[in-house]
1. So, in the range 92-113, exactly how many residues are over 20 Å from the mean Cα position of the chain (by Cα) and at pLDDT below 95?
2. Return the pairs, sorted by first residue and then second, in which the second residue is at pLDDT 95 or above and open to solvent by 60 Å² or more (accessible area, probe 1.4 Å), the first residue lies in the range 96-122 and is part of a loop (DSSP other than H, G, I, E, B), the beta carbons are less than 8 Å apart, and the residues are 6+ apart or on different chains.
3. So, in the range 183-208, of the ones that are modelled with pLDDT of 85 or more and within 30 Å of ARG106 (Cβ to Cβ), which residue ends up farthest from the chain's Cα centre (by Cα)?
4. Of the conditions (1) buried (at least 16 other Cβ atoms within 10 Å of the Cβ); (2) assigned to a loop (DSSP other than H, G, I, E, B); (3) without any contact (Cβ under 8 Å) to a residue 60 or more places away in the chain, ALA127 satisfies every one except a single condition; which number is it?
5. Out of the residues in the range 23-40 meeting the condition of being outside any loop (DSSP other than H, G, I, E, B) and open to solvent by 50 Å² or more (accessible area, probe 1.4 Å), tell me which one is modelled with the lowest pLDDT.
6. Against the definition (modelled with pLDDT of 90 or more, under 19 Å from the mean Cα position of the chain (by Cα) and under 22 Å from SER24 (Cα atoms)), how does THR171 come out, yes or no?
7. Tell me which residues, restricted to the range 61-76, are under 16 Å from the mean Cα position of the chain (by Cα) and in a loop (DSSP other than H, G, I, E, B).
8. For the range 59-90, which positions are over 12 Å from LEU190 (Cα atoms) and open to solvent by 50 Å² or more (accessible area, probe 1.4 Å)?
Amino acid sequence: MRAVAVLLFWLATTSVASAFDPFSEARIDQRPGSQLPLETTFRDENGRSLVLGSLAAGKPMLLAPVVHNCPNICGVTLSGLAEAVLAQPLKAGADFAIVAFSIDPREGPAEARKSLAELRERFPALAPGAVHALTGAPDQIAALTNAMGYRYGWDEQLGQYAHVAAVAVLTPEGRLSRWLYGLAPDPGDLRLALAEAGGGKRGSWREQFLLLCYRYDPQTGRYEPLVWLLLRIGAGATGGIGALLIASAVMRERRAAKRVGP
């Protein structure tokens, strides 16, 4: 009987554990233009209470949902973001803000400070104060992630959060402009996303022109070139015009032949 009870307990716990599906729990619901609650209060790496909107100060913001004390990819995600930031011309802190906020309410300033110190050690070229590491209470975190459409889940068996590696790009007013997916955003995509989020106030005329030549694909989180579409349209138009010219020439020849015939 004791062996049967142990077996039943093992089956029950196994079925509960296997019920967790990270691919359904971790996702991003697309909400472009959604207004994020910039009035939400968090604590920074020094334990100071601050309003999220105060970090933007009228500039676009890169908002990265992470776990500061993450054993997996969060550190890699922040490193990839830092590499992309340093590989494009806009300056973190001066032209836009970077905020890494924890989705784990158990974390506090100590975890945020450690994560930020490691990032600064790896990337000393980042300007002081260019990156902010925040932590918050459950309701504060939920208010922000719900507005972003950022979904994640707690895996009881592993004792870890399942969440997507991505960075949200916000306008200076705190509206969700774009998501950049993956462990390392493409510097070109990052530059275009910041220029777009800035509404023409960030980036050079070249970035603004490129926004006309690229389209954003929310499925991939990338800017895909429109040039091929334009070339296809141009080729089709050229072929159509050519066909019309040929048809017109043939009709003129036939009409001329009929006039000459009698």
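1. 1
2. PRO105/PRO138; GLY108/ARG43
3. Applying the filter and picking the extreme gives ALA184.
4. Every condition holds for ALA127 apart from (1).
5. PHE23
6. No, not satisfied.
7. ILE73
8. ASN69, PRO71, ASN72, ILE73, VAL76
The values are calculated or read from the model by the stated rules, or taken from the named source; none is laboratory data. All values reported here derive from a predicted model rather than from experimental measurement. Cβ sites come from the backbone with ideal geometry, for glycine too, and all protein chains shown count toward neighbours. The protein model used for the area step is the full one, side chains on, heavy atoms only, and it has no ligands, DNA or RNA in it. Shrake-Rupley method; radii C 1.70, N 1.55, O 1.52, S 1.80 Å.
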